[in-house]
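S.K.: Pasting a structure here, questions to come.
Derivation of every value follows stated rules applied to the coordinates shown; laboratory data play no part. Since the model is a prediction, treat every value here as computed from it, not as a measurement. Note: ideal-geometry Cβ built from the backbone for every residue, glycine included; neighbour counts use all protein chains shown.
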Amino acid sequence: MIFPRFRIKFVTHSINLYNSYSATAQSKFPRRIFSGIQPTGQIHLGNYLGAVSQWVKLQQNNEDMILSIVDLHSMTLPHDPKTLPNSILEMTATLLACGIDPSKVILFQQSMVPAHTHLSWCLGCISTMARLAHLPTFKEKSANLKDVPLGLYIYPVLQAADILAYKATHVPVGEDQTQNIELTQDLARMFNNRFGETFPIPHCIYTGSEFSRLKSLRDPSKKMSKSDPDPKSRICLNDSPDDILKKIKKSVTDFTSEVTFDPDKRPGVSNLISIHSFVSGRTVEEICGEVQNVNTGKYKLQVAEAVISHVQPIQKRIDDLMSDEEYLAKVLKMGAEKATEISENTLDEVKRKLGLQFRIKSAHQQKINV
Ligand code: AMP
Ligand code: TRP
């Protein structure tokens, strides 16, 4: 599989609150990467470019990496219990088909590891309602709901628990997750300051500006999203060649016919160039140089062709893997065992620090104390 020379951007959000947590403390925690993806809907190119392909790249660098299919997060909006099991298996197959290797990273289903929800409660007790209400992902997802589920409101706390249960130092995500990771940083700092140093302050890793926020094909002012009601707004990894062609042909560009890269003034065509650059492994400059005399209508056909030839082998691998559900279940079980071991250690430490555990003194010690 070809990956373009994308740059990985590390972002350190410095927040001056809670500054008693020193920079030297950070170096005590070995580098560990954690990320998650919801098993709802199909992976689209935004997920693939913004998150999954980064994970594959990080895996190639032999990073200590833990990846979770976050099924508990997918219950924060109404879900169908009949289709969820297949979605979990399909997400597992998709990640493997994209290049995730379960012998190199820990890949597991979130609900199989109890420490996540337990730690989430502990962190929830130091979170404030005002802080959670301001998070953009909550505002976006709750905007059209009459009755907002409590789970949707507190899911960033569960996300913080996902990350902190493994003392992860880095979190590769798309840019839409930035504020959720900032909440994780704040909670880690607050916990450390109140109860003693326990967690590293995790940092986001982004693929690079063009890929960290891929735009909707129907409205390039919005991000490509699983929750967009219009399926033509996104290209999914399992779309047929015909659908991919139709969606790209119909994508919204502008009235200028040349192909030029200018994400601010020409977001539609620039989004297509970003996609093209990623799937072909060529730079934006190389592509723009080659298509100087091509109009946007013809260019769309080239982009569609490049996308189709990139996703077809992945689709074939997904189909093959889906025919062996036992293997997929085994991968998730093995991952859950490893994840449980690590996260239970963290939970023990957290419980001790919160005063939830007591040490029983021997009769002899008790007499001395008297
Ligand atoms: P979700 O679809 O919300 O489960 O997102 C899974 C991962 O894909 C997260 O790391 C997101 O930040 C990333 N992601 C989602 N949409 C996009 C997008 N349009 N561009 C880049 N990354 C994205
Ligand atoms: N909230 C993320 C999303 O909607 C998914 C997620 C859950 C996640 N837990 C995580 C991402 C921990 C990174 C780290 O895409």
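S.K.: Let me see the P(r) profile for the chain: every Cα-Cα distance counted, bins of 10 Å, each bin given as a percent of all pairs.
M.R.: The percentages, shortest bin first, are 5, 22, 31, 24, 12, 4, 1, 1, 0, 0.
S.K.: If we sort 215-227, 333-345 on the protection proxy, mean other Cβ atoms within 10 Å, highest first, what's the order?
M.R.: 215-227, 333-345
S.K.: Averaging over every viewing direction, what projected area does the convex hull of the Cα atoms of region 163-243 cover, in nm²?
M.R.: 7.1 nm²
S.K.: Multiplying the sequence separation of Arg359 and Lys250 by 0.36 nm and subtracting their Cα-Cα distance, what value in nm do you get? Each step should come with its number before you reach the end.
M.R.: Details: separation 109, 0.36 × 109 = 39.24 nm, distance 6.64 nm.
That pair, Arg359 and Lys250, stretches by 32.6 nm at full extension.
S.K.: Treating the angle as unsigned and between 0 and 90°, give the value, to the nearest 10°, between the Cα long axis of helix 115-124 and the longest Cα principal axis of the chain.
M.R.: 80 degrees
S.K.: Which percent of the Cα-Cα distances in region 97-146 go past 17 Å?
M.R.: 64 percent
S.K.: Using the Karplus curve 6.51 cos²θ - 1.76 cosθ + 1.60 with θ = phi - 60°, work out ³J(HN,Hα) for each residue of region 62-67 in order, rounded to whole Hz, and write x for Gly and Pro.
M.R.: 6, 6, 6, 10, 10, 10
S.K.: Sorting check: for 76-87, 297-308, 33-44, which peptide has the highest mean count of neighbouring beta carbons within 10 Å, and how do the rest follow?
M.R.: Values: 76-87: 12.8, 297-308: 18.9, 33-44: 21.9.
Ranking the peptides 76-87, 297-308, 33-44 by packing returns 33-44, 297-308, 76-87.
S.K.: Please give the helix 150-164 orientation as an angle from the longest Cα principal axis of the chain, in degrees from 0 to 90, rounded to the nearest 10.
M.R.: Helix 150-164 sits at roughly 80 degrees to that axis.
S.K.: Which order do the peptides 159-172, 230-243, 272-285, 138-151 take when ranked by the mean count of other beta-carbon atoms within 10 Å per residue, highest first?
M.R.: Output ranking for 159-172, 230-243, 272-285, 138-151: 159-172, 272-285, 230-243, 138-151.
S.K.: Would you kindly work out the equivalent ellipsoid of region 152-193 from its C-alpha gyration tensor and give its semi-axes, the square roots of five times the eigenvalues, largest first in whole Å?
M.R.: 15, 13, 10
S.K.: Between Glu182 and Asn345, what FRET efficiency comes out of the Förster formula 1/(1 + (r/R0)^6) with R0 = 22 Å and r the beta carbon distance, rounded to 0.05?
M.R.: On the way: r = 26 Å, r/R0 = 1.18.
For R0 = 22 Å, the calculated efficiency reads 0.25.
S.K.: With both partners inside the chain, how many of the DSSP beta bridges are antiparallel, as a percent to the nearest 5?
M.R.: Working: 5 of 18 bridges.
Antiparallel: roughly 30 percent of the beta bridges in the chain.
S.K.: Starting from the 7 Å offset along Cα-to-Cβ, what nm value, one decimal, do you get for the label separation of Leu301 and Glu258?
M.R.: The answer from the label model is 2.2 nm.
S.K.: Continuing with this model, one more query. Defining a contact as two alpha carbons under 8 Å apart and six or more residues distant in sequence, what relative contact order in percent does the chain show?
M.R.: Value for the chain: 24 percent.
S.K.: Right, another one. Hey, what did region 222-321 get for relative contact order, percent, Cα under 8 Å, at least 6 apart?
M.R.: Numbers: 90 pairs, mean separation 29.9, N = 100.
Normalised by residue count, the contact order of region 222-321 is 30 percent.
S.K.: Would you mind estimating how fast region 222-321 diffuses translationally, via Stokes-Einstein at 10 °C and 1.306 mPa s with the Kirkwood radius over Cα pairs, in µm²/s?
M.R.: Reported coefficient: 112 µm²/s.
S.K.: Moving on to the next point. Summing -39500 (n - 2.57) over the DSSP H runs of n ≥ 4 in the chain and dividing by its residue number, what mean residue ellipticity at 222 nm do you reach, to the nearest 500 deg cm²/dmol?
M.R.: -15000 deg cm²/dmol
S.K.: Please state the equivalent ellipsoid semi-axes for region 186-230: what are the square roots of 5 times the Cα gyration tensor eigenvalues, largest first, in whole Å?
M.R.: Semi-axes, largest first: 37, 13, 7 Å.
S.K.: List the residues whose amide H sits under 5 Å from the amide H of Gln109, counting only those 5 or more places along or on another chain, with H placed 1.01 Å from N in the peptide plane.
M.R.: Ile69, Ala336
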